[in-house]
Structures are given as structure tokens and as C-alpha cells.
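Written below as C-alpha cells is the structure these notes are about.
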Amino acid sequence: MSIPADLRYTKDHEWTKLESGSSRVTVGITGFAVEQLGDITLVNLDVNEGDELTAGKAFGTIESVKTLSDLYAPVSGKVVAINRDLDAKPELVNDDPYGKGWMIVIESAAADSVANLLDAGAYQALLDASSR
């Protein structure tokens with residue numbers, strides 16, 4: 001399983017990508033999370049554009065054939081985009097978790113908050129530790 005080096009990660013298996021030259025942060029779930037969940041059957045994003053999110057708070061749920069899991073905001077800020085394609089095609093998360101399977105974009109007042117998240121090496125170490 002690949003862990004893209006240009007992203008930052010949470011211990012809850014969300015990924016973030018800070019858009020170059022902006023404070024917009026795209027959020028999705030990692031390939032590891034997708035592997036653990038199995039086939040995604042529903043992505044329920046409980047936010048609207050313009051909503052304020054707090055880091056660590058749930059912004060929706062993801063359902064698979066195995067389980068239902070909460071999705072957590074990795075950074076605080078305002079929701080500026082929602083991937084509505086997931087309403088009709090939740091399998092995009094399985095097919096392309098780091099691309100077409102993105103979930104929301106947050107305009108973060110503290111762009112450096114992404115720097116506080118795990119880099120690819122630290123995320124890999126987290127996965128290695130959890131598999132022991």
C-alpha cells in the first residue's frame with residue numbers, strides 16, 4: 001500500500017493536502033482505512049459549504065460492508081467544497097482514495113495546522129506499530 005509523501009495524516013486515518021499557495025486543505029481517508037473498511041457503500045457528509053469545523057470533531061460517517069465509522073476534521077476552518085460525487089458513487093473512495101475519493105475542502109485560518117499532522121514516515125510508523 002502506498003502512502004503519498006506529499007500528504008499529511010491523522011491518527012484516525014484521514015489524509016490532508018494543503019493547496020500550494022493557499023490555506024485550502026483537501027481531506028479524505030487513507031488507503032489503509034479503505035483496506036480496513038472494505039467495500040464502501042455510503043459516505044454521509046454531515047456538513048454544508050460555509051459550515052465551521054473544529055479539528056478532531058466528526059464531519060460525517062462512512063459505511064462499508066463491514067462497519068460504520070466517523071470521519072474527523074483534521075484541521076479547523078470553514079468548509080468550502082464538498083465532493084457530491086460520493087453521494088451517487090461512494091465506491092470512488094475505494095477506487096481512488098487520494099484522488100476522486102476526496103471528501104471535503106476546508107479553508108483553514110491556521111494553514112500551519114497541517115504541519116502539525118503526521119508526515120508519510122510518521123504515518124507509516126503508526127501503521128507498523130499498530131500491526132504488531
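The numbers here are math on the coordinates, done by the rules we state, and not lab data. Everything quoted here is computed from the prediction, not taken from an experiment. Heads up, the Cβs are rebuilt from the backbone with ideal geometry, glycines too, and the neighbour counts pull from every protein chain shown.
Details
- Footprinting exposure proxy for Leu127, Leu7 (fewest neighbouring C-beta atoms within 10 Å first): Leu127, Leu7
- Relative contact order for the chain, counting Cα pairs under 8 Å that sit 6 or more residues apart, in percent: 30 percent
- Amide N proximity, the range 92-132 versus Lys11 label position 7 Å along Cα-to-Cβ, cut-off under 20 Å: 113-132
- Counting only aspartates and glutamates at least 8 places from Lys66 when in the same chain, those with an alpha carbon closer than 13 Å to its own are Glu35, Asp39.
- Modelled label positions at Ala109 and Val80, each set 7 Å beyond Cα in the direction of Cβ, lie 1.5 nm from each other.
- Cα-based Rg / Dmax (Å) for the chain: 13.7, 42
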